[in-house]
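**Q** Dropping the structure in here first, questions after.
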Amino acid sequence: MQSELQKYIPTNAVTPVLKLLKRDDLLVKVKNERKTRHGDYRKLPSGKHQITINSNLNTYRFLITLVHEIAHLEAYKAYGAFIKPHGLEWKQTFQHLMLPFLNPEIFPDALLPLLAKHFKNPKASSDTDAPLALALKQFDEPNNKTFIFEVPLGVSFKLYNGKVFKMGKKRVKRYECIEIKTGRLYLFNPNAEVELIK
């Protein structure tokens with residue numbers, strides 16, 4: 001497990017992460033990219049606990065996702081099965097588990113203020129925290145995608161699933177986009193990545 005994890009998380013995070021995993025006797029599987037999630041936690045029918053995480057995440061997002069999923073198990077153990085998946089118990093557990101990692105030996109200085117702000121009230125996904133998500137994406141492998149907030153009004157773009165949209169106006173935080181085929185209105189986070197249609 002140690003050599004496997006070293007490929008995915010910052011070097012100085014390996015030892016504290018292994019302590020968390022050992023404490024919980026947790027099975028961690030690294031999966032091919034899933035478009036709808038970075039990772040997930042579940043209790044297996046055998047009674048063991050499993051976390052899966054996408055292999056394509058940069059080291060900082062991988063670490064945040066791993067601790068996010070470990071927090072689900074810790075909250076389950078401390079508060080029982082009937083709590084909300086991303087409710088107060090999970091938030092407090094996630095904050096507590098993440099705190100030792102929030103230092104310049106693990107995260108770049110540029111990310112630390114954004115992480116500190118995010119972990120005052122962590123969300124179900126770091127992707128919904130647009131400034132943090134954009135900062136984290138700087139560490140991703142380059143791709144040919146464009147952020148929604150960069151798409152000019154009226155320009156068409158497509159998603160990973162092939163659906164084509166036309167860019168609309170900005171609301172308070174999100175952008176209105178019309179699906180070309182159905183005419184339905186969708187709202188997009190500013191940091192969603194799309195492919196422009198030339």
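**Q** Keeping to region 1-50, report how many residues are in a loop (DSSP other than H, G, I, E, B) and loosely packed, with under 14 Cβ neighbours inside 10 Å. It would help to see each step written out before you state the result.
**A** Our first condition is that a residue be in a loop (DSSP other than H, G, I, E, B); within region 1-50, this holds for 1, 7-10, 25, 32-33, 35-36, 38, 44-48.
Next, only the ones that are loosely packed, with under 14 Cβ neighbours inside 10 Å stay: 1, 7, 25, 32-33, 35-36, 44-48.
Number of matching residues: 12.
**Q** Considering only region 108-143, how many residues are of a type outside the set (A, V, I, L, M, F, W, C), within 13 Å of the chain's Cα centre (by Cα) and either closer than 20 Å to Tyr8 by Cβ or not assigned by TED's automatic domain parsing to the domain that holds His86 (or both)?
**A** The qualifying residues number 5.
**Q** With the condition being of a type in the set (Gly, Ala, Ser) and either farther than 24 Å from Lys19 by Cα or touching a residue at least 40 places away in the same chain (Cβ under 8 Å) (or both), I'd like the helices (runs of 4 or more DSSP H) fully within region 53-154 carrying at least 3 qualifying residues.
**A** On the way: elements: 59-79, 88-98, 112-118, 130-137.
Per the criteria, 130-137.
**Q** Here are Ile83, Ile9: which of them is among the β-branched types (Val, Ile, Thr), out of contact with any Leu (no Cβ under 6 Å at 6 or more places or on another chain) and outside the structural domain of Asn161 (by TED's automatic domain parsing)?
**A** Numbers: Ile9 fails: out of contact with any Leu (no Cβ under 6 Å at 6 or more places or on another chain).
One residue alone meets the criteria, Ile83.
**Q** Determine whether region 157-169 contains at least one residue that is of a type in the set (S, T, N, Q) and more than 17 Å from Asn58 (Cα to Cα). Step through it out loud before you land on a result.
**A** Of region 157-169, the ones of a type in the set (S, T, N, Q) are 161.
Adding the requirement that they be more than 17 Å from Asn58 (Cα to Cα) leaves 161.
Yes: one or more hits.
**Q** Determine which single condition Phe149 fails, assuming it passes every other condition in (1) over 13 Å from Ile197 (Cβ atoms); (2) out of contact with any Pro (no Cβ under 6 Å at 6 or more places or on another chain).
**A** (2)
**Q** Within region 176-198, track down each residue that is more than 20 Å from the chain's Cα centre (by Cα) and either in a strand (DSSP E or B) or buried (at least 17 other Cβ atoms within 10 Å of the Cβ) (or both). Spell out how you get there, then give the answer.
**A** Just the residues of region 176-198 that are more than 20 Å from the chain's Cα centre (by Cα), to begin with: 176-186, 195-198.
Residues satisfying the conditions are Glu176, Cys177, Ile178, Glu179, Leu185, Tyr186, Glu195, Leu196.
**Q** Under 21 Å from Leu111 (Cα atoms), surrounded by 16 or more Cβ atoms within 10 Å (Cβ to Cβ) and of a type outside the set (Gly, Ala, Ser) - does that describe any residue in region 70-84?
**A** no
**Q** List pairs: first in region 158-174 and within 17 Å of Ala130 (Cβ to Cβ) and at pLDDT below 95, second surrounded by 11 or more Cβ atoms within 10 Å (Cβ to Cβ) and among the aromatic types (Phe, Trp, Tyr), Cβ under 7 Å, 6+ apart or cross-chain?
**A** Pairs found: Arg174/Phe188.
The values are calculated or read from the model by the stated rules, or taken from the named source; none is laboratory data. Note that the coordinates shown come from a computational prediction; the quantities given were computed from them, not determined experimentally. Cβ: placed from backbone, ideal geometry, glycine included. Neighbour counts: every protein chain shown.
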